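Novice: Take this structure first; my questions come after.
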Amino acid sequence: MIYTANSIEELEGVAHQILSDLGDIRVVAFNAPMGAGKTTLIAALSKALGTSSIVNSPTFAIVNDYDMGDSRAAIYHFDLYRLKSMGELMDIGFDDYISSGNYCFVEWPELAIGLLPEEYATITISVDPDTLSRTIELTY
């Protein structure tokens, strides 16, 4: 599926569409160049899931967790950009997070591809350099 967001304000509607299209899939890998809006889209998705937490990039923490309102579920937001090895990924308990059944949004997922479940989705974001609109592609 392909979605277009011409502004940050449009991401809220796109986030609701993506969540509907994901169905039962809870693990999503995000591919996009630096500054394309991965964290901004994850913030919109998290808001649509009911979090009241402030969503920001876990660049140094590697993983942030956000509550989902009144439920006991959580959203795990990963930024794997700084990790250099599979050992570092295992040290943070990545496999436990991924198998938790909670939403897991993974930025810079290249290192983790072999650890993702059989059923996961990929979101690829591209930016038009002239209009700055985002094309967001969801694949399974």
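Novice: Scan the stretch 80-101 for residues that are out of contact with any helix residue (DSSP H, G or I) (no Cβ under 9 Å at 6 or more places or on another chain), farther than 22 Å from Asp67 by Cβ and in a loop (DSSP other than H, G, I, E, B) and jot them down.
Specialist: Matches in the stretch 80-101: Tyr81 only.
Novice: Now for a separate question. What is the one condition in (1) open to solvent by less than 40 Å² (accessible area, probe 1.4 Å); (2) more than 19 Å from Trp108 (Cβ to Cβ) that Gly93 does not satisfy?
Specialist: Of the numbered conditions (1) open to solvent by less than 40 Å² (accessible area, probe 1.4 Å); (2) more than 19 Å from Trp108 (Cβ to Cβ), the odd one out for Gly93 is (2).
Novice: Turning to a different aspect of this structure: Out of everything in the stretch 18-37 that is part of a helix (DSSP H, G or I), open to solvent by less than 50 Å² (accessible area, probe 1.4 Å) and not β-branched (Val, Ile, Thr), what residue ends up being nearest to Tyr140 (Cα to Cα)?
Specialist: Step by step, filter the stretch 18-37, then rank; the result is Leu22.
Novice: Which members of the stretch 21-52 meet the condition of being among the polar types (S, T, N, Q) and within 15 Å of the chain's Cα centre (by Cα)?
Specialist: Asn31, Thr39, Thr40, Ser46, Thr51
Novice: Right, another one. Are any of the residues in the stretch 54-72 open to solvent by less than 60 Å² (accessible area, probe 1.4 Å) and touching a Leu at 6+ places or on another chain (Cβ under 6 Å)?
Specialist: Yes, there is a match, as at least one residue in the stretch 54-72 is open to solvent by less than 60 Å² (accessible area, probe 1.4 Å) and touching a Leu at 6+ places or on another chain (Cβ under 6 Å).
The values are calculated or read from the model by the stated rules, or taken from the named source; none is laboratory data. Note that the structure is a prediction, hence the values are computed from the model and not measured. Using ideal geometry, Cβ is built from the backbone for each residue, glycine included, and neighbour counts are taken over all protein chains shown. SASA here: full protein model, heavy atoms, side chains in, ligands and nucleic acids out. Shrake-Rupley method; radii C 1.70, N 1.55, O 1.52, S 1.80 Å.
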